[in-house]
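The values are calculated or read from the model by the stated rules, or taken from the named source; none is laboratory data. Because the structure is a prediction, the values reported are computed rather than measured. Here the Cβ positions follow ideal geometry from the backbone for every residue, glycine too, while neighbour counts run over all protein chains shown.
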Amino acid sequence: MSRVVQILIAASEGAPMSPMQEVEAVAGCGLRGDRYFRPAGDADPASQITLIERECIDEFVANSGLALAPEQPRRNLVTSGVRLNDLCGKRFRVGDVVLEGIELCEPCRTFAERTYAQIVKAFVGKGGLRARIVSGGLIRPGDTVSEVA
């Protein structure tokens, strides 16, 4: 089953990612309480919410022997059972919230500087997905992830 396994937000740029039991996704604004939240509704569509596959994190750990916690990639939603790359350019649901995949999150120098140099190469095509919040609501761990028909 495709689902959310963890929700993470950071209150400000560079602040630690904090796990949440639920988060409010606000259309055009982002995740309430997150560093990229813009209450005026003018949030960059590619910064409103980010997702990453738990399987990609686990694969890196297994292949490299290095520890990587789910919060280290600094994505908002950690998912399981869904290939996020397939949702780029499409609308999909996370629970009752409707998102639209905007672009892939490719690994960057900052991610590597905060973790390991190997991250950049290992996460090409596996760094997650940036999405726009089309229709808001609450997101909770366990919510299903499914493409909108």
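Considering only residues of region 57-71 that are of a type in the set (A, V, I, L, M, F, W, C) and in a helix (DSSP H, G or I), which is farthest from I9 (Cα to Cα)?
The residue in question is A62.
Name the single residue that is farthest from the chain's Cα centre (by Cα) among those in region 91-112 being more than 13 Å from R132 (Cα to Cα) and small (G, A, S).
A112
With closer than 17 Å to G127 by Cα and among the polar types (S, T, N, Q) as the only criterion, which of S47, S12, S18, S2 stands out?
Testing whether each residue is closer than 17 Å to G127 by Cα and among the polar types (S, T, N, Q) leaves just S47.
Just the residues that are loosely packed, with under 15 Cβ neighbours inside 10 Å and out of contact with any Ser or Thr (no Cβ under 7 Å at 6 or more places or on another chain), please, taken from region 71-84.
Listed by number, the list holds a single entry, R83.
Could you list, in sequence order, the residues of region 37-56 that are under 23 Å from N85 (Cα atoms), at pLDDT below 95, assigned to a loop (DSSP other than H, G, I, E, B) and of a type outside the set (D, E, K, R)?
Passing the criteria: only A43.
Does S18 satisfy the condition of being among the hydroxyl-bearing types (S, T, Y) and more than 29 Å from A117 (Cα to Cα)?
Against the criterion (among the hydroxyl-bearing types (S, T, Y) and more than 29 Å from A117 (Cα to Cα)), S18 does not qualify.
Being touching a residue at least 40 places away in the same chain (Cβ under 8 Å) and farther than 21 Å from V97 by Cα narrows it down to one of S47, S12, S2, S64, so name that one.
Sole residue among the options that is touching a residue at least 40 places away in the same chain (Cβ under 8 Å) and farther than 21 Å from V97 by Cα: S64.
Starting from region 130-149, keep only residues that are within 16 Å of E22 (Cβ to Cβ) and among the acidic types (D, E), then list their pairs with residues that are surrounded by fewer than 20 Cβ atoms within 10 Å (Cβ to Cβ) and at pLDDT 95 or above whose Cβ atoms are within a distance under 6 Å, requiring at least 6 positions of separation or different chains.
That search, which allows pairs on different chains as well, returns D143/G95.
Within region 97-121, can you find the residues that are modelled with pLDDT of 95 or more and either assigned to a loop (DSSP other than H, G, I, E, B) or among the acidic types (D, E) (or both)?
E100, E103
Any idea which of V82, V5 is β-branched (V, I, T), modelled with pLDDT of 95 or more and in a strand (DSSP E or B)?
V5
Could you identify the single residue in A40, A27 that is over 20 Å from T79 (Cα atoms) and in contact (Cβ under 8 Å) with a residue 12 or more places away in the chain?
A27
Cβ-Cβ distance below 6 Å, separation of 6 or more or different chains: which pairs start in region 99-113 with a residue that is crowded, with 16+ Cβ neighbours inside 10 Å and end on one that is part of a loop (DSSP other than H, G, I, E, B)?
Pairs found: G101/G89; G101/K90; C105/G127; C105/G128; P107/F123; P107/G127.
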